[in-house]
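Input: a single structure, listed below in structure tokens.
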Amino acid sequence: MFFETFPWFTWAWYRTRQKKRDRYRVSFREGKTASILTKRQVVDLLNQLKDRKTYLIQQAVQMKYGKSPVDFRVYMQKDSRQQWTCKGMVARIAKAGSIVTNLGYLDRLMYPDEAIQKVYQLNHDEAKSLERQIREVCCNVCNTLDRLSVGLYGDVAIDPTVDRNRKVWILEINKKYGCKFLELLGDTHLLREILTGPLKYAKALAGFPD
């Protein structure tokens, strides 16, 4: 079984662990090296790495297109009614053999409907249905964030993936993110929407009419 470990809201580092009998194979993103450790050694390693911070350990869910991991970047913002809306999303396909889809490991970007049809072998209507499901899950995540968090959030980027059974999994929530993916995709309309969205939400918070 594979496991991904990551801190809440940001990727400080990324490693996978695969259990083989009574040993664990540990892969590091930075150098892509691997070691075979006992369970006790894995626990000791985690204790050294956590550095008094809080981390989540999650069963890995990695959908691949050939040998390339695939996930999505979903842009969620609050509108002038202070309601969460999905402004848009892009599909990210990593280089073959990579374990992440970050910019340094990115092979290509695609619009979600096209990517879903190719990766999951779905027709147009099925792809649109799965895309809606991804959006709904991300909206539910944001509403949960409102209930559980202290402070106001109105602009986050969520990175989900979808397994072979078409179940949506959340990999990461970014409260600080860039728009480089949209620049590379050349989607100036969505880029403009993302950049101006927080101003509309701030206007609503200040009590100004829409």
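So the values come out like this:
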| item | result |
| --- | --- |
| Accessible area in square angstrom per residue, the chain, 1.4 angstrom probe | 57 |
| Local electrostatic count at Q117 - Lys and Arg +1, Asp and Glu -1, tallied over other residues with Cβ under 11 Å | -3 |
| Length-normalised contact order for the chain - Cα pairs under 8 Å, 6+ apart - percent | 19 |
| Net charge contributed by nearby residues that have their C-beta within less than 12 Å of K67 (K/R +1, D/E -1) | +1 |
| Selection from V150, L185, C138, by position along the positive dipole direction of the range 102-210 (Cβ) | V150 |
| Value at 222 nm in deg cm²/dmol, rounded to 500, when DSSP H runs of n ≥ 4 in the chain each add -39,500 (n - 2.57) | -10500 deg cm²/dmol |
| Global form of the range 38-158, assessed from the alpha-carbon gyration tensor, a/c cut-off 1.5 | oblate |
| Share of carbon and sulfur in the accessible heavy-atom surface of the chain [1.4 Å probe, %] | 50 |
| Protection proxy ranking, peptides 140-146, 37-43, average beta carbon neighbours within 10 Å, highest first | 140-146, 37-43 |
| Student exercise, the chain dipole from Lys, Arg, Asp, Glu Cβ charges, in Debye to nearest 20 | 980 |
| Inter-label distance, nm, simple model (7 Å from Cα along the C-beta direction), R166/Y153 | 2.8 |
| Three-way shape label, the range 49-112, alpha-carbon gyration tensor, a/c 1.5 | oblate |
| Choice from D107, D51, D71 showing the highest fluctuation, given a GNM over the chain with Cα pairs closer than 10 Å | D51 |
| For R132, net neighbour charge (Lys/Arg +1, Asp/Glu -1) across residues whose Cβ lies under 14 Å away | -2 |
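The values are calculated or read from the model by the stated rules, or taken from the named source; none is laboratory data. These numbers were taken from a predicted model, which means no experiment stands behind them. Neighbour counts are summed over all protein chains in view; Cβ atoms, including those assigned to glycine, are modelled from backbone coordinates with ideal geometry. Surface accessibility is based on the protein's heavy atoms, side chains included, excluding ligands, DNA and RNA. Shrake-Rupley method; radii C 1.70, N 1.55, O 1.52, S 1.80 Å.
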